[in-house]
Amino acid sequence: MYQKWQPPTTGALKLYTDGAINLGTRSASSGGVLRDNTGTWITWFYRRIGRCSILHTELWGGGVLDGLSLAWRSGVRHVEVEMDNSEAVTLLDSSSCHRDGSIFRKICKILNLDWNVKIYHITREANSVADAMARPCRSSTIGLTLMLQSHSDVAGSS
């Protein structure tokens with residue numbers, strides 16, 4: 001079932017995130033996009049991570065850590081995160097700050113800043129924009145690439 005894009009609450013930005021692993025090389029990549037309530041792309045980003053689990057791909061490079069860090073540094077104080085990995089959403093909703101691993105501690109530190117962040121699970125089909133951001137990155141050099149301009153060449157971006 002296809003889900004139509006739903007705008008965030010007025011004054012909020014919507015962060016779509018996704019991670020991907022190339023099964024042949026086990027190389028992990030991720031991407032995401034921040035959009036306003038009119039659908040305008042504020043920024044989009046992707047990261048080649050190297051090798052890690054799909055959960056860590058979704059949480060770290062998959063945009064949660066990168067996307068929230070970018071939003072906070074940009075002065076955004078209300079973000080609605082949407083991602084298609086239900087395990088990651090459950091972990092983030094369950095105050096998993098007690099978990100081992102620096103990724104969880106970093107995300108919890110950002111989530112505990114003075115702002116409003118809501119995290120939602122969406123279908124894979126509804127997350128096609130973030131999925132498109134994650135896939136091309138698998139062949140790039142390791143690290144984060146940030147684009148601060150509107151980008152409409154990706155399927156599903158409107």
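The values are calculated or read from the model by the stated rules, or taken from the named source; none is laboratory data. Being a predicted model, the structure only gives us computed values, none of them experimental. Neighbour counts run over all protein chains shown; Cβ positions are idealised from the backbone, glycine included.
Given the conditions (1) at positive phi; (2) at pLDDT 70 or above; (3) of a type outside the set (F, W, Y), report the number of the one that G156 does not fulfil.
With respect to (1) at positive phi; (2) at pLDDT 70 or above; (3) of a type outside the set (F, W, Y), G156 is out only on (2).
Taking the stretch 108-125, which residues are of a type outside the set (K, R) and part of a loop (DSSP other than H, G, I, E, B)?
Of everything in the stretch 108-125, those that are of a type outside the set (K, R) and part of a loop (DSSP other than H, G, I, E, B) turn out to be N112, L113, D114, W115, I122, T123.
Between L68, L91, which is of a type in the set (A, V, I, L, M, F, W, C) and over 10 Å from the mean Cα position of the chain (by Cα)?
Matching residue, one of L68, L91: L91.
Residues G63, G19, G32: which one is under 16 Å from the mean Cα position of the chain (by Cα) and at pLDDT below 80?
Answer to the check: G63.
Only one of these conditions is not met by R51: (1) basic (K, R); (2) at pLDDT 90 or above; (3) surrounded by fewer than 21 Cβ atoms within 10 Å (Cβ to Cβ). Which number is it?
The single condition R51 does not satisfy is (2).
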